[in-house]
Every structure is written in C-alpha cells, then in structure tokens.
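Written below as structure tokens is the structure these notes are about.
The values are calculated or read from the model by the stated rules, or taken from the named source; none is laboratory data. Keep in mind it's a predicted model, so treat the numbers as computed, not measured. Note: ideal-geometry Cβ built from the backbone for every residue, glycine included; neighbour counts use all protein chains shown.
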Amino acid sequence: MKKLAVIFGTRPDTIKLAPLILELQKHPQFFTLVTIATAQHRTMLDDVLSVFGIAPDYDLNVMSEKQSLSVLTQSLMAKLDEVLGKEKPDMVIVQGDTATTFTASLCAFYHRIPVVHIEAGLRTKDKYYPFPEEIFRRLTTHTSDIHCTPTAKASKDLMKEGIKKEAIYCTGNTVIDALQIVLRKKKIADDPVLERILLEEKKIVVVTTHRRENWGEPMKNVCEALHHLASGFPDINFVFPVHLNPVVREVVQPVLSGIGNVHLIDPLKYSDFAHLLSRSYFVISDSGGLQEEAPSLGVPVLVVRTITERPEAVRYGAVKLVGTDRKKIVVYAEKLLTGKKFYRTMSRAVNPYGDGKASERIVSALLYYFGFSKKRMKEFTPRAVQQ
C-alpha cells in the first residue's frame, strides 16, 4: 500500500483535484490518502470542499491579508515541510499553476518524494503572462516525476522541453469530471438572485474578469464593452460574479452599477456557478478554467486576453481570443448574439479537454507507476480527432 499526499489551496485546484480524491478513495487496497489544504484561498476553498464532501486531514490556513507572493511562498514552505516530514508520503500530487502547487512540488523534491503534476504542460511561453502562473507551471514540471496532461499538445510541449515520453500520461482535464459530478447532483441555485435569473426565459451571458494582467485599463475596457452591449441588448441578462479583490471591484462597480440587465453579484458557490454556466448563451472571461468548462457544455467563450495557455479550443473554434480592446469585444459579442451561423459554429465545436474520465485515467497511471498494474492507461483523445 502506498501513501499519497494530495495538496491543494485555491478554488480552481481544489475543484480539479476533488474528483481525483473521490476516485482514489475507491482503491483503499492500494492507496491511503493524506489530504492537505493550504487554504491559500479561504472562503472559496471551503465551498468546494463542502460541495464534494471532502474534509482535509490538514488545514494549514496560510492566507493573510495583502501578503506578497514571497511571504506566501515562505509560509507555504515552512508548513508543508513540517507536514511532509511527519507523514513521509510515497508520492505528492499537485495540480495546475498556483503558489501552493509550485511550493509543494519543491518541498517534496527537498524530501526526495516523487511528484505527480496534474494539468501539466500548459504554456504561453511568456514568463510574465499569466503572472505568476506561467513560471509556477514551468518550475513544477522540473520537480515532477509523472506529468498528467490535459491534451496531446501539452504532452508534445513537455517532450520539447526534455521530459521523457514514458513519464507523460495524456488523461484529459479533471475539471470536466468535476463539472459532470456537480451538474448531476444539484438542480436549483442556492443564491436567490441567481435562482430568479435562471428561471427567467431570457438569454444569459456570463462575464468574469480578475487576472492581474487585466487590472486597471484593460479591465475597464471590458466593463465599458459590457455597458455598451447591455444598452444595445436589453433583453439579455448579463451576469457578472465580481471577484472579491478590491482592485477588481474598484474598476467594475463605477462602470456597471445601476444597469438593469447587468447583475453584479458576489462570487458564486461552485455548484451554483456550474448551473449558471450550463444555462448561459456564451461567456466573456479571462479565466483559464472557463476555457475548459464552457466548451464541454457547448457554450462559446470570448477570452479577454491576448494569449492563452489553452490554445486547443481556439484551434477547434469553441473559444475566440478577443483581447481587451472594447470595440473588438463588442464586435464578437454582437456576432454571437445576432449571427446564428457564427454562434452555431462555436457552440458545436469540439471540446478538446475531457470526457469526464480523467480521474480514472490518472488512477490507472498511478497503479501502473507503482507496479500494481501491468497495463499502461489508454491516452485521452477528443472524439473529433479519433474520427
């Protein structure tokens, strides 16, 4: 039996690791789990844990107000060092591109513990965009022993960087697993404002923006574009869960408050947001995760960024990079709202990110790695590529 330490700290990495934790729990004859929440995000993390019924074995509670990345990294390293020294796991599992991910992988390396990196291989090739995630991804790659990639392109990019093919497993993205689990479990929104919006017959456009690169003028441009669209399409509900960061709110509120069909709401519980996404007509966002989730539901995405580490959906046509130019955002949003052919092309495009079985494939890869199985897992391939 092998002891696996699963380490997470933010809402996105917890969402993506939750289905893997649930899948690993089905194999107690092979694995014991130690779940470690760093609580890099506090409230949003607790919501996700509640949705999936996960109670972490350790809660390191590293979050403090206005802490710098340097201070956060120091705190993470000190607390993780203590836990890993005590538990001595046979493997550490991390996900994505957070400070928790990178620091946990480095700490595991110091303890000579093998690392599994979930959602490995994403790249923009610009170390400052997105900041600091791009560097967290690259550094985690080179402390990891198993690389579970979401797509074949991510696998190829890792091999270009010198990662051996036998260490790479293309599994698809566990976020699709998580989304399917939540949509099966829950039908009605907890948030009363959202429930009222979902019950209306109007089309819904979901808007999110929070990334550091978009703070200031770029984010203001997005909000001004939304103001223009809301005025031109009064029968459309624009739903904007506004990030709690004051830097974001100070831009969003002055431009968009008081517009009848623009609903500025607090960040939603994950289950509520999943149902909102499933009811939406399209999405305007700078989020990475939404570029994966929305295409799996046939929901087009306009990405308000100039570059993405997830280019596959752009290639297949489910996602369009529009940047933060106000006029360009308006042009493509209007095309989706008025052009049936354009909308149909995006909404019916291939989802390249998963089929809901990524967690099963990762467990299969771990069984193979530890010698519990002699059969290497079958790689994930999107349906359109298989045909």
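Could you list, in sequence order, the residues of region 334-362 that are of a type in the set (V, I, T) and surrounded by 16 or more Cβ atoms within 10 Å (Cβ to Cβ)?
Once the filter is applied, which keeps residues that are of a type in the set (V, I, T) and surrounded by 16 or more Cβ atoms within 10 Å (Cβ to Cβ), region 334-362 yields V350, I362.
Could you tell me which numbered condition W215 fails, if it satisfies all but one of (1) modelled with pLDDT under 95; (2) of a type in the set (A, V, I, L, M, F, W, C); (3) under 19 Å from D97 (Cβ atoms); (4) out of contact with any helix residue (DSSP H, G or I) (no Cβ under 6 Å at 6 or more places or on another chain)?
Going through (1) modelled with pLDDT under 95; (2) of a type in the set (A, V, I, L, M, F, W, C); (3) under 19 Å from D97 (Cβ atoms); (4) out of contact with any helix residue (DSSP H, G or I) (no Cβ under 6 Å at 6 or more places or on another chain) one by one, W215 breaks only (4).
Considering only helices (runs of 4 or more DSSP H) fully contained in region 131-248, which possess at least 2 residues that are within 30 Å of D355 (Cβ to Cβ) and not assigned by TED's automatic domain parsing to the domain that holds F52?
Per the criteria, 174-185, 192-199.
Does L337 count as of a type in the set (A, V, I, L, M), out of contact with any helix residue (DSSP H, G or I) (no Cβ under 7 Å at 6 or more places or on another chain) and either assigned by TED's automatic domain parsing to the domain that holds L20 or on the phi > 0 side of the Ramachandran plot (or both)?
Judged against the criteria, L337 is not a match.
Determine, yes or no, whether K125 is of a type outside the set (S, T, N, Q), on the phi > 0 side of the Ramachandran plot and at pLDDT below 95.
Considered against the rule, which asks whether it is of a type outside the set (S, T, N, Q), on the phi > 0 side of the Ramachandran plot and at pLDDT below 95, K125 comes out as yes.
So V51 passes all but one of these: (1) farther than 27 Å from K2 by Cβ; (2) surrounded by fewer than 20 Cβ atoms within 10 Å (Cβ to Cβ); (3) not aromatic (F, W, Y). Which condition number does it fail?
In the conditions (1) farther than 27 Å from K2 by Cβ; (2) surrounded by fewer than 20 Cβ atoms within 10 Å (Cβ to Cβ); (3) not aromatic (F, W, Y), V51 misses (2) alone.
Since I113 meets every condition but one in (1) more than 22 Å from the chain's Cα centre (by Cα); (2) surrounded by fewer than 17 Cβ atoms within 10 Å (Cβ to Cβ); (3) not in a helix (DSSP H, G or I), which condition does it not meet?
Tallying (1) more than 22 Å from the chain's Cα centre (by Cα); (2) surrounded by fewer than 17 Cβ atoms within 10 Å (Cβ to Cβ); (3) not in a helix (DSSP H, G or I), I113 fails exactly one: (2).
Look through region 23-32, keep the residues that are under 23 Å from the mean Cα position of the chain (by Cα) and touching a residue at least 24 places away in the same chain (Cβ under 8 Å), and return whichever of them is nearest to K86 (Cα to Cα).
Per the criteria, the residue is L24.
Among the residues of region 322-367, what is the count of those that are of a type in the set (V, I, T), at pLDDT 95 or above and in a loop (DSSP other than H, G, I, E, B)?
2
Have a look at E119, E133 and point out the one that is closer than 22 Å to L367 by Cβ, within 23 Å of the chain's Cα centre (by Cα), buried (at least 19 other Cβ atoms within 10 Å of the Cβ) and of a type in the set (D, E, K, R).
Among E119, E133, only E119 is closer than 22 Å to L367 by Cβ, within 23 Å of the chain's Cα centre (by Cα), buried (at least 19 other Cβ atoms within 10 Å of the Cβ) and of a type in the set (D, E, K, R).
If R315 satisfies all but one of (1) touching a Leu at 6+ places or on another chain (Cβ under 9 Å); (2) charged (D, E, K, R); (3) outside any loop (DSSP other than H, G, I, E, B), what's the number of the condition it fails?
The single condition R315 does not satisfy is (1).
Select, from S280, S287, the only residue that is modelled with pLDDT under 95 and either of a type in the set (A, V, I, L, M, F, W, C) or under 20 Å from the mean Cα position of the chain (by Cα) (or both).
The match here is S287.
Report the residue count in region 315-369 for those that are among the polar types (S, T, N, Q) and within 18 Å of G288 (Cβ to Cβ).
Counting residues in region 315-369 that are among the polar types (S, T, N, Q) and within 18 Å of G288 (Cβ to Cβ) gives 2.
Hey, among the residues in region 304-321 that are buried (at least 22 other Cβ atoms within 10 Å of the Cβ) and without any contact (Cβ under 8 Å) to a residue 40 or more places away in the chain, which one's farthest from T209 (Cα to Cα)?
Filtering region 304-321 for residues that are buried (at least 22 other Cβ atoms within 10 Å of the Cβ) and without any contact (Cβ under 8 Å) to a residue 40 or more places away in the chain, the one farthest from T209 (Cα to Cα) comes out as A318.
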